[in-house]
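First the structure, in the form of structure tokens, and then the observations on it.
What follows is calculated from the coordinates using simple rules that are stated; it is not laboratory data. As the structure is a prediction and not an experimental result, all values here were calculated from the model. Quick reminder, even Gly has a Cβ in these numbers, built from the backbone with ideal geometry, and neighbours come from all protein chains shown.
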Amino acid sequence: MFVISRISQFLRGALLSFGPRFFRRWVWDKEYREEKWRFAYDTSGDCVYPHLEKYARRGRILDLGSGSGNTSTEMADSAYQSYVGVDISEAALEKARARSAAAGRQSKNTFVCSDFFSFQPIGKFDVILLRESIYHVPLGKIKALLDKYSRYLKPDGVIIVRLFTANRQTGKSKHRPTAMVHILETEFVVMEKGQYPDLGQPTVLVLQPRAQSAPADLQQEPAEVAR
């Protein structure tokens with residue numbers, strides 16, 4: 001059963017990364033309507049929020065892969081002026097819109113149903129967030145995707161990526177997420193790197209495009225955060 005489960009997980013991940021758009025949308029809609037992701041609907045106090053609120057600077061946030069809208073209602077209301085959540089699943093966005101309305105944030109939270117490979121933002125953002133959603137980006141497309149979205153950052157804006165690089169139960173390193181972190185650290189300037197072993201091994205990276213960063217002799221070492 002373990003082998004079958006691992007094969008099933010691998011095939012699902014491959015199809016959600018490389019499969020046709022209509023199929024990916026169908027899978028995500030089905031899973032959200034069947035409440036497969038209910039366990040993740042409450043993530044208040046998550047380690048990504050201090051980083052997000054620090055760099056949002058009461059400005060604009062673009063959330064790529066926003067899911068059921070946790071981020072749009074769990075971060076401090078005073079931390080941002082406007083938020084745009086993008087997700088391929090309309091079923092997920094229905095939950096996100098209802099959640100924002102219940103929190104009284106419908107006037108500042110906007111949601112768009114789109115594949116974020118093809119989504120074209122309007123305006124500039126203080127933060128562009130990929131919270132777990134980077135798993136669905138093929139390794140060979142990570143730099144190109146983030147280069148595309150870097151054009152929509154304000155001059156001092158950042159990209160924030162949250163992901164798990166190790167198994168939450170065993171602590172054993174996971175190859176593909178670890179490779180993603182290597183690409184991000186190689187191709188972008190790391191402003192902060194937070195690692196949280198007590199919360200199941202998540203890593204949070206705060207990044208800037210190299211062309212946007214300070215000259216090499218003015219750059220500081222990235223701040224290390226551990227809890």
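Distance from the alpha carbon centroid of the range 178-212 to that of the range 142-157 works out to 15 angstrom. Cβ crowding within 10 Å ranks His182, His51, His175, His136 as His175, His182, His136, His51, fewest other Cβ atoms first.
Note on the range 33-121: dipole from Cβ charges, positive end direction compared against Phe116, Ser66, Val84; the farthest Cα belongs to Val84. Lys and Arg at +1, Asp and Glu at -1: add these up for the other residues within a Cβ distance under 9 Å of Leu64 and post the number. That sum, taken over residues with Cβ under 9 Å, equals -1. By the count of neighbouring beta-carbon atoms within 10 Å, fewest first, Glu90, Glu192 end up ordered Glu90, Glu192. Amide H contacts under 5 Å for Lys174: Ala166, Asn167, restricted to partners 5 or more places along the chain or on a different chain, H placed in the peptide plane at 1.01 Å from N. Of all lysines in the structure, those lying under 27 Å Cα to Cα from Lys143, and not within fewer than 8 positions of it along the same chain, are Lys54, Lys124, Lys154, Lys172, Lys174, Lys193. Scattering from the range 70-189 was approximated by placing one identical point on each alpha carbon and applying the Debye formula without solvent; log10 I(q)/I(0) at 0.17, 0.18, 0.22, 0.23 1/Å stands at -0.99, -1.08, -1.36, -1.40. A simple spin-label model places the labels of Lys174 and Asp156 3.4 nm from each other, with each point 7 Å out along Cα-to-Cβ.
Under 5 Å between amide hydrogens, built in the peptide plane, is the criterion, and for Gly59 it picks out Gln81 among residues at least 5 positions away or on other chains. Going from the residue with the fewest nearby Cβ atoms within 10 Å to the one with the most, Ile122, Ile61, Ile88 rank Ile122, Ile88, Ile61.
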